[in-house]
Amino acid sequence: MDVFDSVLSYVLMSMLLLTVIFWLIVYFDTFESENNKTKIKNYPKVAVVIPTLFEGKFLRNSVDSVLNSNYPKDKYNIYIGLNERTDKITRKTAYSFKNRNITVVDTHLNGKSRVMNYVIKNKLKDEKLILSLDADSVIDKNLINKLVIPFFEKKDVGIVAPSMLIYKPKKPLEMIQKYEYLFNIALRKGLSMLSTLLVAPGPGSLISRSALEKAGYYDENNITEDMELTMRMLINGYRIENRLDAISYTLPPRTIPTLMKQRFRWYSGSFFNMIKYRKQLVVKRDDENIDRGTISLILISSGLSLLALPLLGYYIYLYLSKFIFQLSQVGLKFTLSYQSFVNFLFSFNELSFIGIITVIIAIYSMFYILKNINKKVSVVKDGFWSMIFILLYGYLLAIAWTAGFLNSLRLINKSNGTKS
Amino acid sequence: MERRAKRKAVNHVLVSRKTKLLVSILIVAIIIGLSFIFGYIAAELKVSPIINSINQDQANLESLILTASISSNSSFSCPLIQAGLGTVSQELSNIYSELSGAKSGYPLPPQYANIGIQLAYLRLNYWILSNKIYADCGHSIETALMFYPNSVCIDCGEEGQELAVVSQESNYTFLPTVIETGLNINEVYALQKVYNITTYPTLVIDGKYIIKGYLTTSQIIKDACKYLDNMSICNS
């Protein structure tokens, strides 16, 4: 190895090790810190707003999960918002509920944000908190009880995000997404502890109604309105909190094209919003609800991550073309010969040791997260699917990530064109 | 007062965050420090098996030199010595694989400089013997000497492998040796001057024919067969 290669290898490996260790320390704090001692005497009223589109009969599961929750029955109302494009089955399901605290609102509007804003501005009663719930999502029976706690523990809480999981995963693609969501739960909690949580997911987030009004409601022209609202809340001085034990479940995409389409929208929105609010997020502020240093690192690493896919493609091409050429010259037998084995064995050096330690800590971190969120770990099953997620799934998402960035530039151009 | 309390809470969080980062950096520094120590110890442990292999190979070569000096041009001894040279050639390749793998670490114990020189002398002796057999046994074998630098030369690594493959396929009638330059060995300097070695890799076939630059396996066979057409791979 020449000097440059060596130095680069040591630097990259050290940075990877630092990241893994730092996050493990954050996770130690994360899972110990959740306060379960706060007792609430007067539960605030909650408006559960469920915008619809093509969810069909699954809407019943969503509504039933709210009706089955442990939250006091007289302390919440459900508002089902019908989009102008909502299909017949969903409409029929919406109107089939006979409960007095369920209101169906036919908004005649298109767009989730428009529907939500219409319901919130025109139909809510005296509810102080709003639970945003997608019609293809269900909530755990204790979700609302858990989500209200931060509103009593801290001041200026704008949104409390739940832990989102996949609803009854069965197929391989759903299983991989299950692990993606599990690790995202830990990441979300860690980020909220570092005051850098930039997205409170739509399904199951509890929002302060007054904070929402002050922030200006949902942006009706944004494709990821939940992320945009979260960032706007932060900029307006509100805290974004997260509860690990407040669980919501969502239906995942079941095929690769639908998955890629979903992620393309998410990542387009993420980049769009990060670029839109980049200055406000890193500017010095009095409330310190945003950790500027970490936000800056997130913005920089998001930018650098765009290099990951082309670099990866380049190195795969380089390695494969060399390997194929070598194979064509010396054959498989020689390539896998004793000499190759000996070279590999004798190559074990300090970099290998750092790599092994990093992998061990990363695997420990992975199982620590799974144990704390899932409460039980199957070494074989969880290990297998986690490895598939880490080794294969990331490359798929990287394509959507890169495409999302390019689309976000188009959206920004379009948005600047509209303004002028 | 409320503002002060808020500032205090924020400072506590920031300190706690900075503490986490500092602790992480400290742990990483300790792990890296230990890794270098471990790497150095591992490199030292690798020295002994490599030296043993070199000594073993040296003994085998001396035995072949002795046999060659007693009777190198008989129809009985030529195949025997050729077979022996083939075995030594494989062993030299193994030693090279061990050494190049072992040298991937940093820092290296000082013994590695001497190992490199020992191996170079072993290879030179091998090449000299194979040239003698080439001359004494009626050109029934062919020798090749490849020069490579002691800096990074990816082509040289591949070329070495390809030479080893050609040697195997020729049933060890094609006997390559690789020589590392820049090791402060007078004999190597002399050879570089004799053959005017300026680029790497450079191949010298039968001590006479110089081919500069990287050659694929088929190109090596083609060029070798130009000069010696009774190798088995030339007829296939």
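Quick note: the coordinates plus some simple rules give every number you see, no bench work behind them. A quick note: this is a predicted structure, and the numbers were derived from the prediction, not measured. A quick note on method: Cβ atoms are made from the backbone with ideal geometry, for glycine too, and the neighbour counts reach across all protein chains shown.
Quick look at the numbers
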| read-out | value |
| --- | --- |
| ³J(HN,Hα) computed for each position of segment A:382-387 - Karplus, 6.51 cos²θ - 1.76 cosθ + 1.60, integer Hz, glycine/proline x | 5, x, 4, 5, 5, 5 |
| Relative contact order (%) - segment B:2-235, alpha-carbon pairs under 8 angstrom, separation at least six | 18 percent |
| Antiparallel %, DSSP beta bridges [both residues in segment A:44-256], to 5 | 25 percent |
| Choice from A:GLU350, A:GLU213, A:GLU225 showing the highest fluctuation, given a GNM over chain A with Cα pairs closer than 10 Å | A:GLU350 |
| Alpha-carbon centroid distance for the pair segment A:1-80 / segment B:20-59, whole angstrom | 42 Å |
| Antiparallel %, DSSP beta bridges [both residues in chain A], to 5 | 25 percent |
| Peptide-level mean, for B:93-100, of C-beta atoms on other protein chains within 10 Å | 5 |
| Per-selection metrics, chain A (Cα): Rg and Dmax in Å | 23.9, 78 |
| Degrees, to the nearest 10: A:58-67 long Cα axis against longest axis of chain A | 70 degrees |
| Using θ = phi - 60° and Karplus 6.51 cos²θ - 1.76 cosθ + 1.60, couplings along segment A:292-309 (whole Hz; Gly, Pro as x) | 4, x, 5, 4, 4, 5, 5, 5, 5, 5, 4, x, 5, 4, 5, 6, 4, 5 |
| Karplus-derived 3J(HN,Hα), 6.51/-1.76/1.60, for each residue of segment A:252-265, Hz, glycine and proline x | x, x, 9, 10, 5, x, 5, 5, 5, 5, 5, 5, 4, 5 |
| Highest-fluctuation residue, B:THR143, B:THR199, B:THR19 considered, GNM on chain B with Cα pairs under 10 Å | B:THR19 |
| Calculated FRET value between A:PHE384 and A:SER302, using beta carbons and R₀ = 22 Å, to 0.05 | 0.15 |
| Cα centroid separation - segment A:238-259 against segment A:147-163, whole Å | 17 Å |
| Residue among A:PHE183, A:PHE344, A:PHE152 with the largest mean-square fluctuation in a Gaussian network model of chain A, springs linking Cα atoms under 10 Å | A:PHE344 |
| Least to most buried among A:ILE50, A:ILE185 (fewest other Cβ within 10 Å first) | A:ILE185, A:ILE50 |
| Relative contact order (percent, whole number), segment A:44-256, Cα cutoff 8 Å, 6+ residue spacing | 26 percent |
| Helix-only mean residue ellipticity at 222 nm for chain B, each DSSP H run of n ≥ 4 adding -39500 (n - 2.57), per residue, nearest 500 | -24000 deg cm²/dmol |
| Amide hydrogen neighbours beyond the local backbone of A:VAL48, cut-off 5 Å, H modeled | A:ASN77, A:ILE78, A:TYR79, A:LEU131 |
| Segment A:44-256: C-alpha gyration tensor shape, a/c 1.5 cut-off, then a/b vs b/c | rounded |
| Computed over chain A: relative contact order in percent, which uses C-alpha pairs under 8 Å that are six or more apart | 18 percent |
| Span-like helix ranges in chain B, DSSP H, alpha carbon extent 24 angstrom or more, Kyte mean at least -0.5 | B:2-71, B:77-102, B:111-136 |
| A:HIS108 paired with A:LYS322, simple spin-label distance in nm, labels 7 Å along Cα-to-beta-carbon | 6.7 nm |
| For chain A, calculated [θ]222 nm from helices alone, where every DSSP H run of n ≥ 4 adds -39500 (n - 2.57) | -19500 deg cm²/dmol |
